[in-house]
1. State the number of residues belonging to region 23-55 that are within 11 Å of the ligand (Cβ to nearest atom), surrounded by 15 or more Cβ atoms within 10 Å (Cβ to Cβ) and either part of a helix (DSSP H, G or I) or of a type in the set (Asp, Glu) (or both).
2. Could you please give the count of residues in region 207-257 that are touching a His at 6+ places or on another chain (Cβ under 7 Å) and either over 29 Å from Ile86 (Cβ atoms) or open to solvent by 70 Å² or more (accessible area, probe 1.4 Å) (or both)?
3. Looking at this structure, is Ser115 farther than 23 Å from Leu10 by Cβ, in contact with a Leu (Cβ under 7 Å, 6 or more places away or on another chain) and at pLDDT 95 or above?
4. Given the condition within 30 Å of Glu243 (Cα to Cα), near the ligand (Cβ under 9 Å from one of its atoms) and part of a helix (DSSP H, G or I), answer yes or no: does some residue in region 201-218 qualify?
5. Is at least one residue of region 155-165 touching a residue at least 40 places away in the same chain (Cβ under 8 Å), surrounded by 13 or more Cβ atoms within 10 Å (Cβ to Cβ), farther than 12 Å from Thr106 by Cβ and within 9 Å of the ligand (Cβ to nearest atom)?
6. With the checklist (1) more than 15 Å from the ligand (Cβ to nearest atom); (2) within 20 Å of the chain's Cα centre (by Cα); (3) surrounded by fewer than 18 Cβ atoms within 10 Å (Cβ to Cβ); (4) under 28 Å from Arg229 (Cα atoms) in hand, flag the one item Arg15 doesn't pass.
7. Looking at this structure, is Ser85 over 25 Å from Gly232 (Cα atoms), in contact (Cβ under 8 Å) with a residue 60 or more places away in the chain and of a type in the set (Ser, Thr, Tyr)?
8. Among the numbered criteria (1) surrounded by 18 or more Cβ atoms within 10 Å (Cβ to Cβ); (2) of a type in the set (Lys, Arg); (3) within 14 Å of the ligand (Cβ to nearest atom), which single criterion is violated by Arg131?
Amino acid sequence: MPPSSADDALYHCCRLSLNLISLPTFLACHFIQAPYGRHLRSGWGPTIPSWLSWILMECPAVFFSLLIYPFGRHASSLQSLTLLSIFLLHYIHRSFIYPLRLPRKTASVFPVSISLMAFSFNLLNSYVQIRWVSHYANYDSDEWFLGRFAGGLAVFITGMVVNVKSDLVLVGLKAQGGGYKIPRSGLFELVSCPNYLGEIIEWLGWAIMTWSWAGFGFFLYTSANLVPRAMGNHKWYLEKFKEEYPKNRKAVIPFLY
Ligand SMILES: NC(=O)c1ccc[n+]([C@@H]2O[C@H](COP(=O)([O-])OP(=O)(O)OC[C@H]3O[C@@H](n4cnc5c(N)ncnc54)[C@H](OP(=O)(O)O)[C@@H]3O)[C@@H](O)[C@H]2O)c1
């Protein structure tokens, strides 16, 4: 189906919004920690179990992507299908596998208001990423696609392994009950939030693979969201565990930050 100029206008407006929200997101997250997990506090309305919130707020990235993908002019191209599969790989894990691994007995809660914000972001972001991959990318004249794709995929997979393994360590600690503990082993010896580091690396890989403002915007947004949260978590660990907390550990970038 050929796109109308209204489709193009909508896409460019959404893509621009994605590219512009990183700075306000960074500033907001720097001054106000999103009130879930260890930063949960009252005043943000009703709450639901965190495992349910993760499913509800992340699943649009799976269903909405699958819904809009077939309308793209590259819908049957191999490059486009491969990129879609990689995007879905992350979001099937985040929407279904990760939440179902969260222990029910020690489940924390999540404000519905925050879930709704994340739900809206996932709709916007999935639209921008998947329309680019399925429609606006120009694979025919891109002789560098394969090289960039291979490099970006290696970065993406590295990030996903770091993210998933680190989340597994934290979920394991959570399942033990008895409150927050100092995570040990692997990249936790270098940074307080290797799961966030892995997520940031993943979307850097995506930005390289897609080589687009859409992909770059998502990488920027993820960094703007997770770097201030990692700083907040690191500060929280230092205040809670004081002298016990490893001195050389940084927040999210090994040896630096
Ligand atoms: N792309 C993005 O912008 C974005 C945004 C947010 C999250 N994410 C991803 O979503 C995943 C979850 O994020 P999150 O912010 O919930 O991560 P998190 O704060 O590290 O928590 C992950 C899980 O581990 C538990 N936990 C954390 N530290 C613990 C400790 N020291 N002792 C015992 N249990 C501990 C948490 O319990 P509590 O719930 O009780 O704290 C939660 O169940 C991560 O992979 C993250 O990268 C991505």
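The values are calculated or read from the model by the stated rules, or taken from the named source; none is laboratory data. The structure displayed is predicted, hence computed values, not measured ones. In this analysis, Cβ positions are derived from the backbone assuming ideal geometry, glycine residues included, and neighbour counts consider all displayed protein chains. These area figures cover heavy atoms from the full protein model, side chains too; ligands, DNA and RNA do not enter into them. Shrake-Rupley method; radii C 1.70, N 1.55, O 1.52, S 1.80 Å.
1. 7
2. 1
3. Judged against the criteria, Ser115 is a match.
4. Within region 201-218, none of the residues are within 30 Å of Glu243 (Cα to Cα), near the ligand (Cβ under 9 Å from one of its atoms) and part of a helix (DSSP H, G or I).
5. yes
6. It is condition (3) that Arg15 fails.
7. Against the criterion (over 25 Å from Gly232 (Cα atoms), in contact (Cβ under 8 Å) with a residue 60 or more places away in the chain and of a type in the set (Ser, Thr, Tyr)), Ser85 does not qualify.
8. The single condition Arg131 does not satisfy is (3).
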